[in-house]
Amino acid sequence: MLVRSYFRLLCRLEGCLPSAFFFIAALAGMFGGSIKVWGASEVRPNVVLIVSDDHGRELGCYGHPVIQTPNLDHLAREGTRFEFAFCTTASCSPSRSVILTGMHNHANGTYGLQHSYHHFQSFQGVKSLPVYLQEGGYRTILAGKLHVAPEDVYRFETVVQRVNPRSSVEMAERCRPILEETKDRPFFLYFCPTDPHRGGGRVEESPHRPDRFGNREQPYPGVDEVVYDPNQVVVPPWLPDTRACREELAQYYQSVSRMDQGVGRLLQILKETGHWERTVVIYLSDNGPAFAGAKTTAYEPGIRLPCIVRSPFASRKGVVSRAMISWVDIAPTILDLAQLPIPKTMQGRSFAGILEEENPPGWDEVYASHTFHEVTMYYPMRVVRERRYKLIWNIAWPLPYPFASDLWESATFQDRLVQGLDASYGKRTLRQYIHRAAFELYDLEQDPDETRNLADDPAYQEILARLKEKLRAFQKATRDPWILKWERE
């Protein structure tokens with residue numbers, strides 16, 4: 001106990017790590033190696049949580065053959081890459097509220113977008129991750145996009161000022177002086193670039209006028225832009241292989257590569273400021289790409305996302321985990337890593353203990369809950385996703401599926417819309433995309449693109465009934481107001 005107390009005291013002193021290491025190593029030899037050096041029980045790590053904006057699994061480390069993401073690929077080689085990681089709702093504000101509270105958005109009150117007239121906010125009594133961490137002795141730092149409210153619920157001690165969140169290299173540099181001065185206690189850095197979200201001006205010379213993923217007139221200091229040939233992009237099966245889509249994908253790739261460079265600069269700054277060997281780095285995205293068929297949907301391109309965790313205390317590197325985790329698990333995991341208690345109000349669970357396991361038992365299903373994106377887009381969906389089967393309950397199924405304004409206006413969608421509702425859009429028609437059944441049941445082993453709804457197939461009625469019961473139990477356990485729709489509609 002005396003040794004542990006002394007070690008923790010040393011770790012609060014600037015530049016203490018080498019001396020602390022050799023001091024404890026020597027004592028470990030004296031006591032037969034019984035003292036765990038660098039174990040989570042000995043060091044309270046810094047935590048950097050990087051949340052990109054509208055990024056799917058388009059990364060080299062996830063097998064993409066074209067996109068250039070060397071920094072995130074390196075991070076995956078240094079840590080654990082989750083193959084089955086999911087957001088709970090494919091919309092910016094509600095997803096971020098889940099990340100920061102460990103509560104599904106229907107439980108924390110952020111049913112849709114926070115900004116402008118949408119005005120969705122978490123309940124006043126909700127307590128968020130940065131508040132818990134600050135109370136636990138951490139310095140909490142926000143850089144970039146927050147996009148949740150109210151401010152006192154999502155309170156950070158330090159906010160990085162004068163930041164263009166699409167200029168992620170510059171944003172990382174703005175963090176440097178704060179990290180240099182933070183030596184006496186652990187920190188939590190919430191680093192949120194705007195890339196690769198849509199927006200930033202249109203390409204006037206293009207006949208398809210694709211919506212840019214950034215602004216070519218806007219300088220991005222420190223970025224070496226990677227420009228992609230539309231003829232070389234990989235069009236996924238859920239998107240149409242058209243010129244308009246290819247041009248937008250090329251710009252999306254460029255935005256992802258720009259964000260990757262910002263991540264790389266931040267990791268380098270962590271090393272240069274002496275924090276790297278005590279810092280856990282987590283990378284994920286709030287939801288899938290800003291294309292119809294992904295963002296705002298409960299389909300796989302919208303909710304199955306990248307998650308990379310690098311811990312300096314792990315004994316294994318390059319782990320590929322098949323555990324099914326979701327963003328409701330992020331806050332409990334970070335509190336666990338910080339050696340702080342996990343509140344009973346949190347609805348997820350920590351995966352800190354399975355970071356070095358490829359196939360941990362008991363991590364075989366996730367749930368999703370979506371209600372709004374924009375305030376005009378009421379379309380509640382509840383989802384249970386197992387290894388093989390997935391059930392989507394479209395609670396307001398008689399309504400046409402609503403479109404986010406940026407997805408509707410995109411060149412990719414408008415190019416197909418002028419062809420009529422029977423035009424193909426990926427492996428669906430536009431009509432099939434807009435008009436949906438109450439229940440969508442998919443066998444993901446046989447139908448990974450979710451094109452054959454088995455909900456009315458007599459051979460699958462037992463599976464349908466079993467998954468419905470799981471959904472009801474999930475809604476009851478998470479206090480979902482929409483549970484009454486089972487009886488009333």
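The values are calculated or read from the model by the stated rules, or taken from the named source; none is laboratory data. This structure is a prediction, so every number in the text was calculated from the model and none was measured. Positions of Cβ are generated from backbone atoms using ideal geometry, with glycine treated the same way; all protein chains shown enter the neighbour counts. Heads up: the accessible areas ignore ligands, DNA and RNA and are worked out on the full protein's heavy atoms, side chains in. Shrake-Rupley method; radii C 1.70, N 1.55, O 1.52, S 1.80 Å.
Numbers at a glance
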| item | result |
| --- | --- |
| Hits in the range 135-162 (condition: touching a strand residue (DSSP E or B) at 6+ places or on another chain (Cβ under 6 Å) and open to solvent by less than 60 Å² (accessible area, probe 1.4 Å)) | 138, 139, 140, 141, 142, 143, 144, 145, 156, 158, 160 |
| Pairs with Cβ under 8 Å, 6+ apart, first in the range 343-356 and touching a residue at least 40 places away in the same chain (Cβ under 8 Å), second open to solvent by 30 Å² or more (accessible area, probe 1.4 Å) and in a loop (DSSP other than H, G, I, E, B) | 343/127; 345/127; 352/40; 355/314; 356/314; 356/315; 356/316 |
| Cβ-Cβ under 7 Å pairs, at least 6 apart or on other chains, the range 143-164 side more than 28 Å from residue 222 (Cα to Cα), far side among the β-branched types (Val, Ile, Thr) | 148/110; 153/126; 154/148; 155/131 |
| Leading residue by the ranking (nearest to residue 406 (Cα to Cα)) among those in the range 84-105 that are among the aliphatic types (A, V, I, L, M) and open to solvent by less than 10 Å² (accessible area, probe 1.4 Å) | 90 |
| Counted residues, the range 219-241 - those being modelled with pLDDT under 95 and more than 11 Å from residue 258 (Cβ to Cβ) | 2 |
| Every residue from the range 328-341 that is out of contact with any His (no Cβ under 9 Å at 6 or more places or on another chain) and in contact (Cβ under 8 Å) with a residue 12 or more places away in the chain | 329, 330, 331, 332, 333, 334, 335, 336, 337, 338, 339, 340 |
| Conditions (1) of a type outside the set (Asp, Glu); (2) on the phi < 0 side of the Ramachandran plot; (3) in contact with a Lys or Arg (Cβ under 8 Å, 6 or more places away or on another chain): number failed by residue 318 | (2) |
| Candidates 77, 81, filtered to the one that is surrounded by fewer than 20 Cβ atoms within 10 Å (Cβ to Cβ), in contact with a helix residue (DSSP H, G or I) (Cβ under 8 Å, 6 or more places away or on another chain) and among the basic types (Lys, Arg) | 77 |
| Out of 286, 260, sole residue that is in contact with a Cys (Cβ under 6 Å, 6 or more places away or on another chain), under 29 Å from residue 98 (Cα atoms) and crowded, with 24+ Cβ neighbours inside 10 Å | 286 |
| Meets criteria (free of Cβ contacts under 8 Å to residues at least 12 places away in the same chain and either open to solvent by 10 Å² or more (accessible area, probe 1.4 Å) or small (Gly, Ala, Ser) (or both)) for residue 362 | yes |
| Restricting the range 185-205 to residues that are modelled with pLDDT of 95 or more and in a strand (DSSP E or B), the residue that is farthest from residue 100 (Cα to Cα) | 187 |
| Residue check for residue 43: over 18 Å from residue 367 (Cα atoms) and either crowded, with 24+ Cβ neighbours inside 10 Å or at pLDDT 95 or above (or both) | no |
| Members of the range 462-489 that are farther than 24 Å from residue 346 by Cα, aliphatic (A, V, I, L, M) and either open to solvent by 60 Å² or more (accessible area, probe 1.4 Å) or without any contact (Cβ under 8 Å) to a residue 24 or more places away in the chain (or both) | 465 |
| Among (1) at pLDDT 95 or above; (2) in a loop (DSSP other than H, G, I, E, B); (3) surrounded by 19 or more Cβ atoms within 10 Å (Cβ to Cβ), the one test that residue 172 misses | (2) |
| Among residues of the range 289-311, those that are closer than 28 Å to residue 405 by Cβ and open to solvent by less than 10 Å² (accessible area, probe 1.4 Å), counted | 15 |
| Residue 249 being open to solvent by less than 30 Å² (accessible area, probe 1.4 Å), in a helix (DSSP H, G or I) and without any contact (Cβ under 8 Å) to a residue 60 or more places away in the chain | yes |
